[in-house]
């Protein structure tokens, strides 16, 4: 699943005890968030939403595949699977069965930057899920037989998501070519040779290093009393000891010195071209407005039915499909990706020429004011729509906190998008969408075997999630 802020009252006595008082945090148009930091370092964030007697509880660990090193790629995702395999108090799968009996839903997902677990159910069952979520943080049992069985499950997931999906393989190749030293070099699910070589000791080390309360954020949204949530957090998470986290090694991405181009030949129904430009995200931008301008630029190019790609490429019959992908909430410098599928009688050379033409137009001509306002309205509307869901309210808070940003910065999103100017959009296009920062990956189809499944849509494999 792929695939995001003002006052906190602090009392000297509580600070000395390592706690901050649970208190509402105002943030512009963002609803209040109540915040508390337990003595063991766990941050607890609660947002009230009384529209229905429902609650979503999410725990975010500030670790994902980008923290992995060679030899254990995909281990973050592997541990996500094993978190459902029982504790000292629950049998494998029992937590999932319990949530289902309570009429709730639960899942988990691993991304490049974080791993999260969540449950959504009736608010009066919040204590039950908080109890057992804390239990698997503190008392997870890593059994060799369960581990070996689940490795086979992950291998099957790899076959479905990666080996048998040419478009996914192309995205893997794009990121592996664009990034040399960054943790974004390898896919979230990991390289197959690493999956084959996992040991239980690898898993235990990963859990020991990163699954600690001082490396986690608990987000609760729904029809709850903040004081009650804080008390439950103290009751179930409070006794879990903090641990010293491993020191992060510097993994600075090498400066790209020119165009990189790579080809992938696989059995596939359609060719696909992906163009990835290295760009900043919120945590590391030179200018704090740049990620917002890049977000608006993505909307100008492919932000809906009225976008340039839709009107000038797809409806005009020049391309079968054209898309963009960019996330301003990546923890590290990331890619601004353009993808295109040619018409039945076209080829990827034509796709590249048309996409480059669109980029050059943005670099050459400022976006007309009326077009820019329409795009900004669409971007803001999507953000507001997401807030209508308790789950996505929690997601937005969790993502910001997990990548190292204060959740209060969510309040900046709409005004910063609305403040983007035509000159800023043109400036980021000229600064970042350059030949020196570009990687191009091309899928060249080979003949398919009879009975092959239909072509999958292009996607950015920035995370994996599953129903447990």
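The values are calculated or read from the model by the stated rules, or taken from the named source; none is laboratory data. It should be emphasised that the depicted structure is a prediction, and the values quoted were computed from it without experimental measurement. Virtual Cβ from ideal backbone geometry, glycine too; neighbours counted across all protein chains shown.
Would you pick out the residues in region 252-268 that are part of a loop (DSSP other than H, G, I, E, B) and surrounded by fewer than 15 Cβ atoms within 10 Å (Cβ to Cβ)? Those that are part of a loop (DSSP other than H, G, I, E, B) and surrounded by fewer than 15 Cβ atoms within 10 Å (Cβ to Cβ): 252, 254, 255, 257, 258, 259.
Applying the set (1) buried (at least 16 other Cβ atoms within 10 Å of the Cβ); (2) modelled with pLDDT of 95 or more; (3) within 25 Å of the chain's Cα centre (by Cα) to residue 161 leaves exactly one unmet item: (2). The residues of region 179-193 that are within 19 Å of the chain's Cα centre (by Cα) and not in a loop (DSSP other than H, G, I, E, B), listed by number, are 183, 184, 185.
Selection within region 441-458: residues that are crowded, with 21+ Cβ neighbours inside 10 Å and at pLDDT 80 or above. The member of this set that is farthest from residue 278 (Cα to Cα) is 443. Looking across 71, 64, 86, 93, one residue alone is assigned by TED's automatic domain parsing to the domain that holds residue 205 and within 30 Å of residue 53 (Cβ to Cβ). It is 93.
Of note, residue 48 satisfies the criterion of being surrounded by fewer than 20 Cβ atoms within 10 Å (Cβ to Cβ), touching a helix residue (DSSP H, G or I) at 6+ places or on another chain (Cβ under 8 Å) and in the same structural domain as residue 148 (by TED's automatic domain parsing).
Yes or no, residue by residue, for (1) touching a helix residue (DSSP H, G or I) at 6+ places or on another chain (Cβ under 8 Å); (2) outside the structural domain of residue 424 (by TED's automatic domain parsing); (3) within 27 Å of residue 287 (Cα to Cα); (4) buried (at least 19 other Cβ atoms within 10 Å of the Cβ):
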| site | (1), (2), (3), (4) |
| --- | --- |
| 306 | yes, no, no, no |
| 343 | no, no, no, no |
| 349 | no, no, no, no |
| 363 | yes, no, yes, no |
